[in-house]
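Heads up: the structure comes next, in C-alpha cells.
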Amino acid sequence: MEDLITYSNKLILEQSEADIIESAKKDPAAFKPLYHRYFKQIFLFTYHRVGDKQNAADITSEVFLKALEKIEGFVYKGLPLSAWLYRIAINECNEYFRKSRQQKLIVLNQATIERLVEEMGEKTSEGTNFQVLANAMRRLDDQSVQIIQLRYFEAMPFKEIGQVLDITENNAKVRLYRAIAKLRLKMGLK
C-alpha cells in the first residue's frame, strides 16, 4: 500500500493536480492517483470523528464516491483537492451522526493539546488538565469544535480552512479566535 501511495504521489508531482483533476473530469480512471494520495488523510479525519474503523472506512468510501460523481463541477482554485474532500467528509460525518444518533467524538492527543494550549496563550501544557480540556471541547458548539479540529488536528492553513467551510480566509481566522476564546471560558481561563 505504501508503495502505491508513493507511486501516486510521484505521479501527482510529475503532473499538476489541476491537470489530473481535468483528466478525471473526462475519464474517471484518472482520479486514481488523487484517491491514493488523499485516502489516508481523509480516512484518519473520519476515524477521529466516528471512532470506529469500519464506519470510518464506509464514510471515506462515500466521500470518494461523491467526489468522483461530482468532479465535473469542481473548480480548481489553487488549493489542494483535499479541502474539497474535507468538506465532503464533514458532511458525510454529520450525516452519519444524524442517522445513527451516535454521540460525536473528539480525539485529543498530546501534540494537539500542546498546540491548543500554546494558542490560548498558556506557557505550558503541564498545567493543563487533559480532562478539563476534553470536557471544555465537549461543551463547545459544533462550529467551534469543527474549526479547532481543522486548524489543530488537521494542521490546515487558514486559506484551506476557508475553502473547506466555504468562508473567507479572514473569516476562518476570526472564527478560530472566537472558538479559542469560548474554549478558554469553558476551561475557566481568562
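Values quoted throughout were computed directly from the atomic coordinates according to the rules given, and no laboratory measurement underlies them. Model, not experiment: these values are computed from the prediction. Note that we place each Cβ from the backbone using ideal geometry, even for glycine, and neighbour counts take in every protein chain shown.
Numbers at a glance
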| item | result |
| --- | --- |
| Extent along principal axes [Cα atoms of the stretch 130-181; Å; largest to smallest] | 32, 18, 14 |
| Local net charge near residue 18, Cβ-Cβ under 13 Å (Lys/Arg +1, Asp/Glu -1) | -1 |
| Derived scalar couplings ³J(HN,Hα) [the stretch 53-61; Karplus, 6.51 cos²θ - 1.76 cosθ + 1.60; whole Hz; x for Gly, Pro] | 4, 5, 5, 5, 5, 5, 5, 4, 4 |
| Gained length - residue 171 relative to residue 138, 0.36 nm times residue gap less alpha-carbon distance | 9.6 nm |
| Entries of 77/99; 66/159; 26/99 with Cα pairs more than 30 Å apart | 77/99; 26/99 |
| Gap separating the Cα centres of the stretch 14-51 and the stretch 159-190, nearest whole Å | 27 Å |
| Total formal charge among the other residues, if their Cβ is under 15 angstrom from that of residue 159, Lys/Arg +1 and Asp/Glu -1 | +1 |
| Formal net charge of residues neighbouring residue 170 (Cβ-Cβ distance under 13 Å; K, R +1; D, E -1) | +3 |
